[in-house]
1. Scanning the stretch 36-55 for residues that are small (Gly, Ala, Ser) and outside any strand (DSSP E or B), which turns out surrounded by the fewest Cβ atoms within 10 Å (Cβ to Cβ)?
2. Evaluate the following for Val92: is it surrounded by 16 or more Cβ atoms within 10 Å (Cβ to Cβ), part of a loop (DSSP other than H, G, I, E, B) and modelled with pLDDT of 95 or more?
3. Taking into account only those residues within the stretch 69-89 that are β-branched (Val, Ile, Thr) and within 18 Å of the chain's Cα centre (by Cα), which is surrounded by the fewest Cβ atoms within 10 Å (Cβ to Cβ)?
4. Every residue in the stretch 132-149 that is among the hydrophobic types (A, V, I, L, M, F, W, C), under 17 Å from His44 (Cα atoms) and either at pLDDT 95 or above or buried (at least 19 other Cβ atoms within 10 Å of the Cβ) (or both), please.
5. Taking the condition modelled with pLDDT of 95 or more, acidic (Asp, Glu) and either farther than 19 Å from Pro157 by Cβ or in contact with an Asp or Glu (Cβ under 6 Å, 6 or more places away or on another chain) (or both), does Glu105 pass?
6. Can we say Gly18 is touching a strand residue (DSSP E or B) at 6+ places or on another chain (Cβ under 9 Å), small (Gly, Ala, Ser), surrounded by 13 or more Cβ atoms within 10 Å (Cβ to Cβ) and at pLDDT below 90?
7. Can you say whether Ala129 is within 28 Å of Gln32 (Cα to Cα), buried (at least 17 other Cβ atoms within 10 Å of the Cβ), of a type in the set (Gly, Ala, Ser) and modelled with pLDDT of 95 or more, as far as the supplied structure shows?
8. Checking Val58 against (1) surrounded by fewer than 19 Cβ atoms within 10 Å (Cβ to Cβ); (2) β-branched (Val, Ile, Thr); (3) out of contact with any Gly (no Cβ under 9 Å at 6 or more places or on another chain), only one condition comes out false. Which one?
Amino acid sequence: MRANWVTFMALSLLCFCGSAVAQVSTTKSSGQTLYLPIYSHIWHGDFDRTGEPAKTLVSISVSIRNTDPANAIRVSSAQYYDTNGRKLKEYVPSPRAIAPMATYELFIQRSDDSGGSGANFLISWSSEAPVNPPIVEGVHANLPAGRSIVFTTSARPLAP
């Protein structure tokens with residue numbers, strides 16, 4: 001039991017430290033397109049008789065956090081793509097304002113594994129004045145009793 005707890009704490013620390021470091025930015029912006037990696041399921045374990053490893057489904061909460069204390073931002077698009085690059089859904093059908101220091105959330109159910117292990121979002125945002133860029137993360141979770149997993153992914157800006 002103690003070994004499981006130590007392993008869990010070590011993995012948690014790596015996940016959360018990695019997210020914090022990847023998001024450090026001091027350059028203000030008037031807009032960006034962000035790439036957010038998403039995993040609708042996780043492959044793990046050994047290969048079975050069919051030649052595939054075990055698959056665990058996870059739900060995903062996408063958090064778009066306006067970090068600017070004085071200005072709103074506008075999210076114009078959140079396009080969800082599957083592992084093969086096929087667009088599955090637009091999660092923001094019309095532009096959505098996010099107030100200063102507010103958060104807008106998107107959710108993908110655990111039962112929806114259409115994205116696959118290589119799914120992603122392209123999220124476009126803008127503002128009228130240069131602002132602190134938003135922090136955008138995906139929180140992946142599967143929390144059954146006894147064997148839970150939770151991890152985060154962080155968005156990265158794409159070149160204009």
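The values are calculated or read from the model by the stated rules, or taken from the named source; none is laboratory data. Note that the structure is predicted; figures quoted are calculated from it, not measured. Note that each Cβ is placed from the backbone with ideal geometry, even for glycine, and that neighbours are counted across all protein chains shown.
1. Step one: list which residues in the stretch 36-55 are small (Gly, Ala, Ser), which gives 40, 45, 51, 54.
With the extra rule that they be outside any strand (DSSP E or B), the set shrinks to 40, 45, 51.
Numbers: Ser40: 26, Gly45: 10, Gly51: 6.
Per the criteria, the residue is Gly51.
2. Numbers: surrounded by 16 or more Cβ atoms within 10 Å (Cβ to Cβ): yes; part of a loop (DSSP other than H, G, I, E, B): yes; modelled with pLDDT of 95 or more: yes.
So Val92 passes the test.
3. Residues of the stretch 69-89 β-branched (Val, Ile, Thr): 73, 75, 83.
Add one more test, that the residue is within 18 Å of the chain's Cα centre (by Cα), and what stays is 75, 83.
Working: Val75: 22, Thr83: 15.
Taking the candidates together, the pick is Thr83.
4. Ala141
5. Numbers: modelled with pLDDT of 95 or more: yes; acidic (Asp, Glu): yes; either farther than 19 Å from Pro157 by Cβ or in contact with an Asp or Glu (Cβ under 6 Å, 6 or more places away or on another chain) (or both): yes.
Here the answer is yes, as Glu105 does meet what is asked.
6. Yes; evaluated as a whole, the condition is true for this residue.
7. Details: within 28 Å of Gln32 (Cα to Cα): yes; buried (at least 17 other Cβ atoms within 10 Å of the Cβ): no; of a type in the set (Gly, Ala, Ser): yes; modelled with pLDDT of 95 or more: yes.
For Ala129, the condition - within 28 Å of Gln32 (Cα to Cα), buried (at least 17 other Cβ atoms within 10 Å of the Cβ), of a type in the set (Gly, Ala, Ser) and modelled with pLDDT of 95 or more - is not met.
8. In the conditions (1) surrounded by fewer than 19 Cβ atoms within 10 Å (Cβ to Cβ); (2) β-branched (Val, Ile, Thr); (3) out of contact with any Gly (no Cβ under 9 Å at 6 or more places or on another chain), Val58 misses (1) alone.
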